[in-house]
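Notes follow the structure.
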Protein chains: 2
Amino acid sequence: MYYEIFGQFKKSLGQLDKWLDAATTFAQSRSFEPNVFMGLRLAPDQFTFSRQVQATCDTAKAAASRLTGKEAPTHPDTEATLAELQARIRSVVAYLDGLSAKDFEASASRVVSQPRWEGKVMSGADYFVEHALPNFFFHISHSYAILRHNGVPVGKRDYLGALSLKAP
Amino acid sequence: MYYEIFGQFKKSLGQLDKWLDAATTFAQSRSFEPNVFMGLRLAPDQFTFSRQVQATCDTAKAAASRLTGKEAPTHPDTEATLAELQARIRSVVAYLDGLSAKDFEASASRVVSQPRWEGKVMSGADYFVEHALPNFFFHISHSYAILRHNGVPVGKRDYLGALSLKAP
């Protein structure tokens, strides 16, 4: 199911891209500078909007890279505008687009480590379910929440995107 | 992977239960009524905190029920206190505890429908990845965000809970 869930990450990143358009349009309709959103946050010791978007991108690309062994694009965290954040999102979507179901075949048994884990490791399976999955949705939901809290007219359909509904 | 991800839902619900304790302690330390949190929200047309917690519970239990065919507990949405929300969370955790990996064996090929889909259906696989998974983390992240926005001292470790770290 790794491949299918990364497909969902890709879809969610596409929705996030559209929320940035909605934020830009909203700012223009109220005659304020759209990049004001970059520095907004829900609590003084939480990430800003731009950092939430960066973390959403990084969680998806780092998880895909750790679970497939395929090198991810690097992003130096220098985005200063919504348009630059959109370029980062699209770069991660393009990277994920290049991965196949076959690339994820050995994911569950890979060994994952991070500097903050002080020498400890996790299996690919545990890392994906306990860390990557909740973190990806945490940061994308916080990105959404910051926009909603500040008046941007996005709704649950914009969060989920189109569903694969079929005739019964 | 259904069973493993429902294991994560269960773990996340356990963390949510602890955030309600943290909210109660925080309110007492500031001498305000803890149940004030029930009605807080990030935007006037978003769910209140209590509704976000209810939706987190409902997403997990409805998804588990649709994917296993095992009837879920009902909750009439009458909670008026944080303690009552905690009872709901624990009821869902107990329900999920009763499900085995075998119960999820036919999940991918089940047919799922909802009244709002106007006669259309989704496969269990599509429903889980496109709907249940993003919705669960949406509502639990918004529950967290409302508490953080209002000063409750919870952090990323409280969101993720303990990780299955091992010696290399």
- Note on the structure: Here the residues within the range B:140-153 that are open to solvent by 10 Å² or more (accessible area, probe 1.4 Å) and either closer than 23 Å to B:Cys57 by Cβ or among the charged types (D, E, K, R) (or both) are B:Arg148, B:His149, B:Asn150
- Query: Hey, does the range A:17-38 have a residue that's under 11 Å from the mean Cα position of the chain (by Cα), within 14 Å of chain B (Cβ to nearest Cβ) and assigned to a helix (DSSP H, G or I)?
  - Reply: no
- Residue in the range A:31-51 that is nearest to A:Ala132 (Cα to Cα), counting only those that are among the hydrophobic types (A, V, I, L, M, F, W, C) and touching a residue at least 40 places away in the same chain (Cβ under 8 Å): A:Phe47
- Task: Go through (1) open to solvent by less than 30 Å² (accessible area, probe 1.4 Å); (2) under 17 Å from the mean Cα position of the chain (by Cα); (3) in contact (Cβ under 8 Å) with a residue 60 or more places away in the chain; (4) within 13 Å of chain A (Cβ to nearest Cβ) and name the single condition B:Gln8 misses.
- Result: (3)
- Message: Just to be sure I understand, how many residues within the range A:130-145 are at the interface with chain B (Cβ under 8 Å from one of its Cβ atoms) and of a type in the set (S, T, N, Q)?
- Response: 2
- Note on the structure: Across the range B:138-167, the tally of residues that are of a type in the set (A, V, I, L, M, F, W, C) and in contact (Cβ under 8 Å) with a residue 24 or more places away in the chain stands at 7
- Task: Output the helices (runs of 4 or more DSSP H) that fall wholly within the range B:46-137 and possess 3 or more residues being open to solvent by 20 Å² or more (accessible area, probe 1.4 Å), or say none.
- Result: B:49-68, B:82-97
- Query: What are the residues in the range A:109-129 that are closer than 20 Å to A:Gly69 by Cβ and either of a type in the set (A, V, I, L, M, F, W, C) or facing chain B (nearest Cβ under 9 Å) (or both), if any?
  - Reply: A:Val111, A:Val112, A:Ser113, A:Trp117, A:Val121, A:Met122, A:Ser123, A:Ala125, A:Asp126, A:Tyr127, A:Phe128, A:Val129
- Message: Residues to consider are A:Arg157, A:Arg148; find the one that is within 20 Å of B:Pro134 (Cβ to Cβ), modelled with pLDDT of 95 or more, at the interface with chain B (Cβ under 7 Å from one of its Cβ atoms) and in a helix (DSSP H, G or I).
- Response: A:Arg148
- Message: Out of B:Gln15, B:Gln28, B:Gln54, B:Gln86, I need the residue that is under 17 Å from B:Asn135 (Cβ atoms) and of a type in the set (S, T, N, Q). Which one?
- Response: B:Gln54
- Answer with yes or no whether B:Gly39 is open to solvent by less than 70 Å² (accessible area, probe 1.4 Å) and closer than 26 Å to A:Arg148 by Cβ. yes
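The values are calculated or read from the model by the stated rules, or taken from the named source; none is laboratory data. Please read all numbers here as calculations on a predicted model, not as lab measurements. Neighbour counts run over all protein chains shown; Cβ positions are idealised from the backbone, glycine included. Heavy atoms of the whole protein, side chains included, go into the accessibility calculation; ligands, DNA and RNA do not. Shrake-Rupley method; radii C 1.70, N 1.55, O 1.52, S 1.80 Å.
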